[in-house]
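S.K.: So that we are looking at the same thing, I have put the structure below in structure tokens.
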Amino acid sequence: MKDKKQGILLILLVLLVSVIIMILPTFLTKGVSRIVSNKEVNLPLILNDTKDIELVFFGYAGCTNICTPRLIMIDKLYRLLNKETKERVGVAFLDISLSYDRELPQRFATFFNPNFKGIYLNKDILRLYTKIFDVYFAPSLMDKTSFDHTGHLYLLKRTNENKVIRYIYHAYPYDFKQITSDIAELVNE
């Protein structure tokens, strides 16, 4: 009986820590919805995009509590951009699930907008990308078919041979005015 209680307490503790890790940045930033980064990245899947400005979101196909609402918001944001800006701005959804179906991320991303790109990440690439972007994710303790993960949106700009993470948006709902202003700034650089 004692072991069962300790096991339940351990599970609750791990769940609590997971939730705290996901929501803590919002409380620490005291209302600030973005972080200025200027971190240079040289990652093949990101660099292969022909767009010089890119919005990047990490999640997994089928995620209903984080990915679906955020991708709906990213679609609304993308639709606010004018035609000329859309020609320069790409949206990439990077899948953290290591799905056996390599096409699933693309189908999931284009469900929200036909211009979005879904990218499958193998185990080694996933480890590299989540480390560079500081993405937290772990299998959910409550549902073995889902993941707990951060829901940050990254804005990148191409500079010569690399791309630079210029801004990280962590508050939800996204501040459309701030993000469109940041995109306009990058377009005019």
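S.K.: Rounded, prolate or oblate: pick one for segment 125-189, where a ≥ b ≥ c are the square roots of the eigenvalues of its C-alpha gyration tensor, a/c under 1.5 means rounded, and failing that, prolate if a/b is larger than b/c, else oblate. Walk me through the numbers on the way to the answer.
M.R.: Details: a/c = 4.40, a/b = 1.64, b/c = 2.69.
Judged from the Cα gyration tensor, segment 125-189 comes out oblate (a/c at least 1.5, b/c at or above a/b).
S.K.: May I ask you to list the lysines whose Cα is less than 27 Å away from that of K123, ignoring any residue fewer than eight positions away on the same chain?
M.R.: K123 reaches K39, K51, K131, K144, K157, K163.
S.K.: I need the shape label for segment 50-162. Rule: rounded when a/c is under 1.5, else prolate if a/b > b/c, else oblate, with a, b, c from the alpha carbon gyration tensor.
M.R.: Prolate is the answer for segment 50-162, as a/c is 1.5 or above and a/b outweighs b/c.
Any read-out appearing in this document is the output of simple, stated calculations on the displayed coordinates, not a laboratory observation. Just so it is clear, the structure is predicted and the values come from calculations on it, not from any experiment.
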